[in-house]
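A.B. asks: Here it is, the structure in full.
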Amino acid sequence: MDNPLLEIKNLRIEATAYPPGEPPRHVVLVDDVSVSVQKGRVLGLIGESGAGKSTIGLASMAFGRGGVRLTGGQVLLNGRDIRGADAGTLRALRGREVTYVAQSAAAAFNPAKRLMEQVIETTLLHGVMGRPEAEARAVSLFRKLGLPNPEIFGARFPHQVSGGQLQRAMTAMALCPKPELVVFDEPTTALDVTTQIEVLAAIKEAIHDTGVAALYITHDLAVVAQVADDILVLRGGKRVEYGTTDQIINTPQEAYTRALVSVRSIDHVEKPLAAPILSVAGVTARYKGISFDVLKNVTVDLAPGQTLAVVGESGSGKSTLARVITGLLPAAQGRITFAGRQLSPDLASRTKDDLRELQMIYQMADTAMNPRQTVGTIIGRPLEFYFGLKGEAKRDRVQDLLDQIEMGKGYIDRYPAELSGGQKQRVCIARALAAKPKLIICDEVTSALDPLVADGILKLLLNLQAQEGVAYLFITHDLATVRAIADRIAVMYRGAVVRYGSKTDVLTPPFDDYTDLLLSSVPEMKLGWLEGVLLIRKMESAGN
Amino acid sequence: MHPVLILVTQRVALGLLLLLAVSVVIFAGTEALPGDVAQAILGQSATPEALANLRESLGLNQPPLTRYFNWIGGVLTGDLGVALTNGQDIAQAIGQRMGNTIFLAACAAAISVPLAILLGLVAARYNGRWPDKVISGITLSTISLPEFVAGYFVIYLLTQVVPIFQPVAMIFPGMTFWAKLHAVALPVIVLVLVVLAHMMRMTRAAILNVMQSAYIETAELKGLSPMAVIWRHALPNAIAPIISVVVINLAYLVVGVVVVEVVFSYNALGKYLVDHVAKRDLPVVQAVGMIFAAVYIGLNILADVVSIVANPRLRHPK
Amino acid sequence: MKMPLSALLGLIFTTLFFLAAIFANLLAPYPIDAAVGGVWEAPSATYWLGTDTIGRDILSRLIYGGQVTIFVATASSLLAFTLGSVLGFVAATQGGLVDQVLSRLVDLMMAIPALIIALVVLVVLPRSLITLILLMGLLDATRVFRLSRAVAVDIAVMDYVEAARLRGERQGWIIFREILPNALSPLVAELGLRFIFAVLFISTLSFLGLGIQPPLADWGGMVQENKGGLIYGKAAALMPALAIAVLAISVNLVADWVLSRTTSLKGGRGG
């Protein structure tokens, strides 16, 4: 075997954290990690937030964000140790031998400069080629990456193109100077699922065609399985498992890896159709100052103790539906019936029982809880407000609820800032439960969480549904979540419901075009899935 | 029409409207007060004849709206009326003094603007290290000083402890440019001291804000040298906020001038204003107050226009 | 929780100034208005800070003057603060026409430098304590209004406020229990800044001869009385000037610290 292109040996990375109002704290971000990348191979770095995967990615360019320091071990690039190399050496290799693609291309491009200038900047700076050749190469990369009008694409400013296009432009920027290694840091995470598959395919093809080696960083194992040759699983800055993609996906050795692979495999059998507790009939809505309807004639039903999943991409109107049902945005037309009575469109004129029986849980638990209130106050307030509970009785009931969300003793007097992401979301669930609701609207409640934590929340929600008989209106963009929890599904696209029915019906062909595109774009945890989908799509378009 | 042009036109039109509203405030500021304006000016011991005369010369016998339109009409045509105290033509009195005020403010701006930007750049470049701490510490102290306090400290230091300057700043027609410069050195130093701190702190904040953007990290990961990162990626984005900061602080300078002129008995617009407040000379105060307000508003409009024009999203719409 | 040295010093000096103002009658060695020594005597064991332009003890006048300066500044900043924050919160939570009218009015007031407005109205107003307090309080309320409205608007869009609305909570609960506790630190820091502004403003007006009138004395007026001595090398005018500077810097240090602590509430997710 040749010498590896990149070899990381016993890498240790540390940082000093400065929490406001407290003394500085020393933290170890990465501890004793070794890994190597051969020329032309792709290594996937996978882990949850705080796993140190981005930190390792940047370390391959001997770069530390903020106060991050590479304190131990070696980073060998083509055999020479670049850890602690002088600034001149590092400048010569950054942007030339190793390049970088950031998660948010929208922020990573300079808003004041045209795309072409930025894409060929390093190529000119490092003297790889002259301007005409560099521009020609950029145009050919634009074409290869499937960007529209590749000849004139570079003349545009970053704000003039879409997020998916920017992500591809950034890939072109990374590939332009003909580097040996490209670091992809969550390049598709911020994109909608139907855009993600296109960008993913473009990146994979570009890597393949140019023969460049790559580090591909992501939290989504199904995504990395499509592009990586090898995978390193990280947790808390330490190595969990390292092997070929095939081995990691099909025969994981460590318990943590097995959990990651089997995530979202909750088996949920749909319940039979029943008389609805919530019916939304012909609802149309628009925001003030916007000239089109955000919701168009939406009709859905939800039975007691069941879950209706509302699926769609950003801009589909799914969160607006939640605002209309809660009364935050009064509907322009249509009727909402809840628990046998017609709901007033406007929040202000609803009865206390209407409000109590219809609760809501938010995507960002951080902003859904008042940072100045303790867990006891947050969960206790609905008990006091709706049922007049006070003192010991209230405290006992809060503790019951905490037990119910599997948090137990010792949390009642804590502030939200002292809880983990998953715990915060659990407290929000407890606050909703405290009102003894008949329906809880869950707005992307697992989207901001790491996969294993999200799994825990979904299981909790299912258990609570079985115990309390509460119905969920579950808004999400993630189809794996839908499979895990839904009894009925409504697929939304541009403000309208395009497909609606029981889970089995909605997920079984024949599909309409949009549902087909949406379903087939969700990455699956198996090798060769991406090629399979692309092949089918190519055949279909050839057939038309 | 280009969106930038539309926005700029809107902003300027809004500014003119604001100026009109401000003229109402300045005019009505003295109208809305309880009691009789003539009595307030002349005091309790005034004779009935004197009161009647004053009412006549202020036009107080006419309805307020008529008086306002007479006044604003005069302002717009350059006729500011005559001073109550000595019957002098106000426009003429202002004309002489305006030049002196502009000279003083321009000297202060010429020194403080480049200095503030330079110090702001240095402080941002060494963010959190000792040059930043020293600069920020000193400016935090000068920010807490009113103009006249800074003024007397400087006078004491530079005329008594190290006697190199005269404590009063007299300039008169016929002086050479260099003699004038020497004469205004002390007030200029004080103005620079007062305005520099704000300007430097805001410049530093504007640069740091840009330096923390993700595209700066992109530039660093491209292997650009620190100077190239600043020059090619930070500056094009920081230039608009910096200009905006500078212009806003020039507006502060306009007000600082008033007090500094009094401290140094510098015969210009600000001192003229304060002297006539003490003498309760209403027409003079209204006229000069309107001029200061107009300059202040004009500079603020300029700052807004700069940031509109410099925004790439507006200049190159989708 | 640890307090940085600068903030601690600021707090100590601020407290000392306030104590001196409150107990002026007990602390001042000489009466406020009695000529007890020669003109512009140098500091000595008898007159710790020397004497002024007509032979009065500067230390005594400084203590009494501080009482006036601090009283006027406190009264006007409290007025500004109460008026500005109540209206700001109402504008933010009420929205609509109330918000529009108040905001445009404040825009208009802030379009003219405060000193210029003050000079214009002081042409005809009696220069009494009450006028000065009302004038400064009103002018400064505009800044408090802008800040508290902005802070409240930021908080009002948070999900926890929406959650309270969905629960059916009344406006009172939402303002006092959800919004106010989270707006408190920036507002407290602002109170400090408003106090400094009031100290500097009243001092400047008095220095221009338009503020506190004799027989009362304040620091700005003392600078004005004694400025003539500077060109003879008499530093009497610098004593009140120094007092203004030290008080302003001390309060600034405390406010800075309070403001820096507000960021600690925003939890972040590490990457």
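The values are calculated or read from the model by the stated rules, or taken from the named source; none is laboratory data. Since the structure is predicted, the reported quantities are computational estimates derived from the model, not experimental observations. Ideal geometry is used to build each Cβ from the backbone, glycine not excepted, and the neighbour counts take in all protein chains shown.
A.B. asks: Among the residues of region A:155-190, write down those that are aliphatic (A, V, I, L, M), within 24 Å of A:Leu125 (Cβ to Cβ) and either out of contact with any Ser or Thr (no Cβ under 7 Å at 6 or more places or on another chain) or outside any helix (DSSP H, G or I) (or both).
C.D. replies: Within region A:155-190, A:Ala155, A:Val161, A:Leu166, A:Ala169, A:Met170, A:Ala172, A:Met173, A:Leu181, A:Val182, A:Val183 meet the criteria.
A.B. asks: Output the residue which, of all residues in region A:344-385 that are under 22 Å from A:Lys318 (Cα atoms), in a helix (DSSP H, G or I) and acidic (Asp, Glu), is farthest from the other protein chains (Cβ to nearest Cβ).
C.D. replies: In this case the residue turns out to be A:Glu357.
Matching residues to (1) surrounded by fewer than 18 Cβ atoms within 10 Å (Cβ to Cβ); (2) in a helix (DSSP H, G or I); (3) free of Cβ contacts under 8 Å to residues at least 12 places away in the same chain; (4) not aliphatic (A, V, I, L, M):
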position: A:Ala480; (1), (2), (3), (4): no, yes, no, no
position: A:Ala484; (1), (2), (3), (4): no, yes, no, no
position: A:Asp505; (1), (2), (3), (4): yes, yes, yes, yes
position: A:Phe511; (1), (2), (3), (4): yes, no, no, yes
position: A:Thr515; (1), (2), (3), (4): no, yes, no, yes
position: A:Leu518; (1), (2), (3), (4): no, yes, no, no
position: A:Ile536; (1), (2), (3), (4): yes, yes, no, no
position: A:Ala542; (1), (2), (3), (4): yes, yes, yes, no
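A.B. asks: I would also like to ask the following. Return the pair list, or none, for Cβ contacts closer than 8 Å from residues in region A:268-279 that are over 15 Å from A:Lys503 (Cβ atoms) to residues that are charged (D, E, K, R) and at pLDDT 90 or above, at least 6 apart or on different chains.
C.D. replies: Cβ pairs passing all conditions: A:Pro276/A:Asp301; A:Ile277/A:Lys438; A:Leu278/A:Asp301; A:Ser279/A:Asp301; A:Ser279/A:Arg335.
A.B. asks: Okay, next question. Out of curiosity, is C:Thr82 assigned to a helix (DSSP H, G or I), among the hydroxyl-bearing types (Ser, Thr, Tyr) and farther than 30 Å from C:Ile179 by Cα?
C.D. replies: No, not satisfied.
A.B. asks: Would you tally the residues in region A:120-140 being crowded, with 18+ Cβ neighbours inside 10 Å, in contact with a Lys or Arg (Cβ under 9 Å, 6 or more places away or on another chain), in a helix (DSSP H, G or I) and not basic (Lys, Arg)?
C.D. replies: Count: 4.
A.B. asks: Please specify each residue of region C:119-137 satisfying the condition of being of a type in the set (A, V, I, L, M, F, W, C) and more than 10 Å from chain B (Cβ to nearest Cβ).
C.D. replies: Passing the criteria: C:Leu129, C:Ile130, C:Leu132, C:Ile133, C:Leu134, C:Leu135, C:Met136.
A.B. asks: Counting only residues that are without any contact (Cβ under 8 Å) to a residue 12 or more places away in the chain and farther than 23 Å from B:Ala105 by Cα, give me the helices (runs of 4 or more DSSP H) lying completely in region B:201-318 with at least 1 of them.
C.D. replies: B:214-221, B:235-263, B:269-278, B:312-315
A.B. asks: Turning to a different aspect of this structure: How many residues, within region C:227-238, are surrounded by fewer than 23 Cβ atoms within 10 Å (Cβ to Cβ) and either more than 8 Å from every other protein chain (Cβ to nearest Cβ) or not in a helix (DSSP H, G or I) (or both)?
C.D. replies: Number satisfying all stated conditions: 5.
A.B. asks: Over 34 Å from the mean Cα position of the chain (by Cα) and either acidic (Asp, Glu) or within 14 Å of chain C (Cβ to nearest Cβ) (or both), is that true of B:Ala46?
C.D. replies: yes
A.B. asks: Follow-up question, since we're still on this one. Residues that are farther than 30 Å from B:Asp281 by Cβ and touching a His at 6+ places or on another chain (Cβ under 8 Å): list the helices (runs of 4 or more DSSP H) wholly contained in region B:85-157 that include at least 1 such residues.
C.D. replies: B:130-143
A.B. asks: Looking at (1) free of Cβ contacts under 8 Å to residues at least 40 places away in the same chain; (2) among the acidic types (Asp, Glu); (3) closer than 28 Å to B:Gln212 by Cβ, which is the one condition that is false for A:Glu133?
C.D. replies: Exception for A:Glu133: condition (3).
A.B. asks: Only one of (1) under 22 Å from B:His276 (Cα atoms); (2) hydroxyl-bearing (Ser, Thr, Tyr); (3) modelled with pLDDT of 80 or more fails for B:Thr85. Which number is that?
C.D. replies: (3)
A.B. asks: Residue check, C:Leu26 against (1) touching a residue at least 24 places away in the same chain (Cβ under 8 Å); (2) assigned to a helix (DSSP H, G or I); (3) not acidic (Asp, Glu), all met but one. Which one?
C.D. replies: It is condition (1) that C:Leu26 fails.
A.B. asks: Okay, next question. What about B:His276, is it buried (at least 22 other Cβ atoms within 10 Å of the Cβ), modelled with pLDDT under 90 and closer than 18 Å to C:Pro113 by Cβ?
C.D. replies: Against the criterion (buried (at least 22 other Cβ atoms within 10 Å of the Cβ), modelled with pLDDT under 90 and closer than 18 Å to C:Pro113 by Cβ), B:His276 qualifies.
A.B. asks: From the list B:Val149, B:Val134, B:Val161, which residue is out of contact with any helix residue (DSSP H, G or I) (no Cβ under 7 Å at 6 or more places or on another chain), surrounded by 13 or more Cβ atoms within 10 Å (Cβ to Cβ) and free of Cβ contacts under 8 Å to residues at least 12 places away in the same chain?
C.D. replies: B:Val134
A.B. asks: Tally time: how many residues in region A:89-112 are more than 7 Å from chain B (Cβ to nearest Cβ) and farther than 30 Å from A:Asp31 by Cβ?
C.D. replies: Qualifying residue count for the region: 2.
A.B. asks: Another one. Show the residue pairs that are 6+ apart or on different chains and have beta-carbon atoms under 6 Å apart, the first residue being within region C:54-67 and hydroxyl-bearing (Ser, Thr, Tyr), the second being in a helix (DSSP H, G or I).
C.D. replies: What qualifies is C:Tyr64/C:Ala24.
A.B. asks: If a residue counts only when it is away from chain C (no Cβ under 14 Å) and more than 26 Å from the chain's Cα centre (by Cα), which strands (runs of 3 or more DSSP E) contained entirely in region A:1-82 have at least 3 such residues?
C.D. replies: A:6-17, A:25-37, A:69-77
A.B. asks: Still on this structure, I have one more. Looking at B:Asp304, B:Asp275, B:Asp281, which one is out of contact with any Cys (no Cβ under 6 Å at 6 or more places or on another chain), farther than 22 Å from C:Phe207 by Cβ and of a type in the set (D, E, K, R)?
C.D. replies: One residue alone meets the criteria, B:Asp304.
A.B. asks: In region A:386-419, what residues are crowded, with 18+ Cβ neighbours inside 10 Å, within 12 Å of chain C (Cβ to nearest Cβ) and over 14 Å from C:Arg167 (Cβ atoms)?
C.D. replies: A:Pro416, A:Leu419
A.B. asks: Any chance you could count how many residues in region A:51-77 are of a type outside the set (Lys, Arg), modelled with pLDDT under 90 and surrounded by fewer than 19 Cβ atoms within 10 Å (Cβ to Cβ)?
C.D. replies: Qualifying residue count, region A:51-77: 5.
A.B. asks: Can you tell me which residues in region B:183-229 are within 14 Å of another protein chain (Cβ to nearest Cβ), under 18 Å from the mean Cα position of the chain (by Cα), hydrophobic (A, V, I, L, M, F, W, C) and surrounded by fewer than 22 Cβ atoms within 10 Å (Cβ to Cβ)?
C.D. replies: B:Leu193
A.B. asks: Right, here's the next one. Just one of B:Val229, B:Val277 is closer than 23 Å to A:Ala102 by Cβ and of a type in the set (Val, Ile, Thr); which is it?
C.D. replies: B:Val229
A.B. asks: Moving on. Which of the numbered conditions does B:Phe172 fail, given that it passes all the others? Conditions: (1) modelled with pLDDT under 80; (2) more than 14 Å from chain C (Cβ to nearest Cβ); (3) part of a helix (DSSP H, G or I).
C.D. replies: With respect to (1) modelled with pLDDT under 80; (2) more than 14 Å from chain C (Cβ to nearest Cβ); (3) part of a helix (DSSP H, G or I), B:Phe172 is out only on (3).
A.B. asks: I would also like to ask the following. Give the residue that is nearest to the other protein chains (Cβ to nearest Cβ), with candidates limited to residues of region B:262-275 that are farther than 19 Å from B:Gln88 by Cβ and not polar (S, T, N, Q).
C.D. replies: Per the stated criteria, the residue is B:Val262.
A.B. asks: Filter the helices (runs of 4 or more DSSP H) completely within region B:1-79 down to those with at least 2 residues that are acidic (Asp, Glu).
C.D. replies: B:48-58
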